[in-house]
Amino acid sequence: DITEVLSYKPATPGQRRTRFSDNTDTGYVERKRARLAVAAAAASASASGTGAGVARSSRVPPSASAPQQPAGLNKEAVLRALEADDNAEGDDAKVDSDDADASKPSKADSVSGMRLLMLQLEKRAARNAELRVKYSDNPEKFMESEVELHSALQELHTLPTVPAAYPVLCELPVLDTLLQLVLHENTDISIAVIDLIEEMTDTDVLAENPDDTEQLIAKLMDAQLVMMLVQNLDRLDETIKEEADGVHSSFGIIENLCEARPDCLEQMASKQGLLACLLKRIGKRGFSPNKLYASELLAILLQSSEPNRLLLGELKGVDILLNQLAHYKRQDPADSEERELMENLFNCLCSALLAKANKDRFLRGEGLQLMNLILREKRVARPSALKVLDYALNGPDGADNALKFVDILGLRTIFPVFMRPPKPKKSGFSVQEIEEHLCSILHNLLRHCANSPTHKTRILAKFVENDHAKMERLAELHFKWRDSVKAADRRLLAERRQPELWNASTEEELEEEVYLRRLEMGLFTLQLVDLILLQVCAMSPPDAGVVRPVRQMFNMRSSPLPAVHGVVKEHLAHSDDAEEKARLEPLLAVFKERFGLAE
């Protein structure tokens, strides 16, 4: 019945992951049908002009909110196509009959019902492929099979509600058919398949049914689905709502696979081209929800993989991230979503800087100058810039960046921030995070400038100017975090009496776990503060006059100076950095001598 064909509506899909743009408006079904028909009409026009037209992506302007009747499409035309007296179409009618038989069972929530829907999809996909080849120059001949194929895909949206049917899906050829349809010439079919696979791989479904879904994930990875999705993204036009949704769903599948198979992150990033694809999208101007999603996926790839960090550097990813972050040196994100994008980009850059080669690229790409500008402008990105500077200067690989930061007059920027840090409510960072990054930056500047007399003199001079104001600030931070650590020690002492609160099985493991908890509860920040105090007091010339004000500040609080010495000793006892130990132990001796501390 042609009236029934033209009034086609997909089956109600199962519950799906929320996207930034859901097809829930009442005109979506009509627009989708119009798009399917426009694909055929476009291919028909191409065929008449060139003699070889195949319907590809069917695109309509985003403004086409109301359903339209495409030119050349009416009941009579469709009837003529359906009623053509052709042997092949007789065979097609037989397939239609088979489809009707397959769709009779209404138990779509059972394994047997899902099997029938899978077989129906397999038949309709085969029919569509056959008609596309046979009538490549007459798209009206295969248009209706495309609509039926789309309908079959929509009916399968109940599959995620029956995870027990996943093994059946893996046994039948229909899974291979689904994967082939990802690259279907008509992007509407491709997007329908992608939506279905996203729902099938939803993390909640996978977590609740590991036995039923494990085989499916393995087959999707073996088929290199991520590579297919990456290839398919290039032909999707994100100015069209439905195709932008298709990009988002593609990223949803990739995220689900990353969570299900974290051991395959490096394979996805390199061999399947995912990292290059994400960088390409992140490098585009402006904001979009899909760009935000791409930044989240990039952060996942870089978080725990050194090979992926190195690959990002080779693909000029450090420069891409810096170019994108330059946008925020003089203006703030427009809304909360763009702010999330900005923070993701900063986090990606921090992960990248864990690789030495990327620290060199950061230096050559003038990343230090950019972070310095962001700190001066007092924008919302300031705390994130502090975090990046911390990563760039940290460790033995940060020496070149530290010296360069002093050369570009970075001390004029960092010390005012140290004296008056950004407010946590405005920055989104906690007080502990901000003070930790600031102290880590100053500690590493002192560490790396120690062997350069010019740079060392410049940074030490900052601590004595303005009547030792920076030393007073250090003493203030010492007392603050000392009190925090004392409170933490009292709490942990009580918790040690409750073995069920700890994962340790031996006394040694318990001591290590307690130490890690103390670091999290303020000891790490206290160690950084005291390391700065130690280095400034021991590295400054005897006539610099830093010892007297420090002694006075500690006496005013009735606090013993050996406490600083003890904190640093504890830090060295747990440190694996032999070079740092060799550097700090002589400074400890000088510190003890200048303050007259006993052994």
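Laboratory data are not the source of any read-out in this text; all were calculated from the coordinates shown. Values in this document were obtained by computation on a predicted structure and should not be read as measured data. FYI the Cβ positions are ideal-geometry reconstructions off the backbone, even for glycines, and counts take in every protein chain you see.
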Full-extension gain in nm, His574 to Glu214, via 0.36 nm per residue minus C-alpha separation: 125.4 nm
Cβ charges +1 (Lys, Arg) and -1 (Asp, Glu), total dipole of the range 437-533, debye: 560 debye
Of Lys316/Lys378; Lys271/Lys356; Lys480/Lys569; Lys219/Lys284; Lys271/Lys387; Lys387/Lys462, those spanning more than 25 Å from alpha-carbon to alpha-carbon: Lys316/Lys378; Lys219/Lys284; Lys271/Lys387
Spin-label zone in the range 285-324 - amide nitrogen under 17 Å from a point set 7 Å from the Cα of Glu266 along the C-beta vector: 300-315
The range 406-473: Cα Rg divided by the 2.2 N^0.38 Å rule of thumb: 1.17
Inter-label distance, nm, simple model (7 Å from Cα along the C-beta direction), Arg551/Glu130: 9.9 nm
Potential lengthening between Glu509 and Glu593 on full extension [0.36 nm per residue; Cα-Cα distance subtracted]: 26.7 nm
Cα centroid separation - the range 210-274 against the range 482-517, whole Å: 43 Å
Distance from the range 313-358 to the range 560-583 (C-alpha centre basis), Å: 34 Å
Packing-based order for 572-583, 544-555, using average beta carbon neighbours within 10 Å, highest first: 544-555, 572-583
Additional length obtainable on full extension of the chain from Thr203 to Ala450, 0.36 nm per residue less Cα span: 83.8 nm
